[in-house]
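The values are calculated or read from the model by the stated rules, or taken from the named source; none is laboratory data. Quantities reported herein were computed from a predicted structural model and do not represent experimental measurements. Neighbour counts are summed over all protein chains in view; Cβ atoms, including those assigned to glycine, are modelled from backbone coordinates with ideal geometry.
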Amino acid sequence: MKHLLLLVWMALQVGIAPIPASVRAPEPGESIQLSVQPLRQSKITSCGPAVLAMAYQYAYPSAGISEHEILAYAERQGWYTETKYPYTSPANMLNIVRHYTENFLSGQVHSSQQGLELLARELRRGNPIIIDALVRLEDRASGAHFVLVTGLSVAPDNRFAVTLTYLDPLIGEEKRAPYYGEAGLWNAWYRNGDPGGAGWWMVIPVPLPLDMPLRLGEYLAI
């Protein structure tokens, strides 16, 4: 059993997202909201470095990593190009985050149900989620845009009435949007047009407490 726990812990450290045997979808009346400090991107195309800064600062508040630092590093490596599409691709988001931590998870979801279960799972764990959506959720021509999902709520009498809260680095403020529908976040998440961006996500997990070996099974079952 200890060997299995060690293997799973190692998987978490290298960015492989283990799939729990059972993941609960959000329940009617469920509400989760994380308190993450908003950040406004410093350049019109620097949403990627901005959301990385927000997520990293939330997981490691004493680290003091700024968007400016991430942006400068990404530009030197050619992983952020201010005037050349896709500016920061999902693949290069992974390249950038590896410079700062190996403790990250990433993957792609391929259905609205998978996406909602993924968001619920990570929010229950206390982790905001970076996703690749659109500048204007209902407009595919508006361009791909990284945002940070920080909360969800489900109406008590309708499990399909799901509202998500997310931080939009373009304006440096919190927004709310339905998950389903033409102007919903799932639609924008799956149709963003970025190379490798459909359903793409990343999490920088909040470090587990020191009693992690005793609690890991509970953690994965959430």
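Just a few scattered comments:
- Some residue of region 75-86 being closer than 28 Å to residue 152 by Cα and of a type outside the set (Gly, Ala, Ser): no
- Count - residues of region 159-204 that are of a type outside the set (D, E, K, R), in contact (Cβ under 8 Å) with a residue 40 or more places away in the chain and assigned to a loop (DSSP other than H, G, I, E, B): 16
- Of all residue pairs spaced 6 or more apart or on separate chains, those with beta-carbon atoms under 7 Å, a first member in region 23-44 that is touching a residue at least 60 places away in the same chain (Cβ under 8 Å) and surrounded by fewer than 16 Cβ atoms within 10 Å (Cβ to Cβ) and a second member that is of a type in the set (Asp, Glu) and part of a loop (DSSP other than H, G, I, E, B) are 28/157.
- Those residues of region 178-210 which are surrounded by 21 or more Cβ atoms within 10 Å (Cβ to Cβ) and either touching a strand residue (DSSP E or B) at 6+ places or on another chain (Cβ under 6 Å) or of a type in the set (Lys, Arg) (or both), in sequence order: 179, 185, 188, 189, 192, 194, 197, 199, 200, 201, 202, 203
- Residue satisfying all of: in region 152-168; touching a Ser or Thr at 6+ places or on another chain (Cβ under 8 Å) and within 19 Å of residue 40 (Cα to Cα); surrounded by the most Cβ atoms within 10 Å (Cβ to Cβ) among these: 167
- Total residues in region 1-56, condition aliphatic (A, V, I, L, M) and at pLDDT 85 or above: 12
- Counting residues in region 132-141 that are at pLDDT below 95, surrounded by fewer than 18 Cβ atoms within 10 Å (Cβ to Cβ) and not in a loop (DSSP other than H, G, I, E, B) gives one or more.
- Filter result (surrounded by fewer than 21 Cβ atoms within 10 Å (Cβ to Cβ) and either in a helix (DSSP H, G or I) or in contact with a helix residue (DSSP H, G or I) (Cβ under 7 Å, 6 or more places away or on another chain) (or both)) within region 81-100: 91, 92, 94, 95, 96, 98, 99, 100
- Near pairs, Cβ below 8 angstrom, 6+ apart or cross-chain, from region 110-134 (over 11 Å from residue 24 (Cα atoms)) to any residue that is part of a helix (DSSP H, G or I) and among the acidic types (Asp, Glu): 128/122; 129/122
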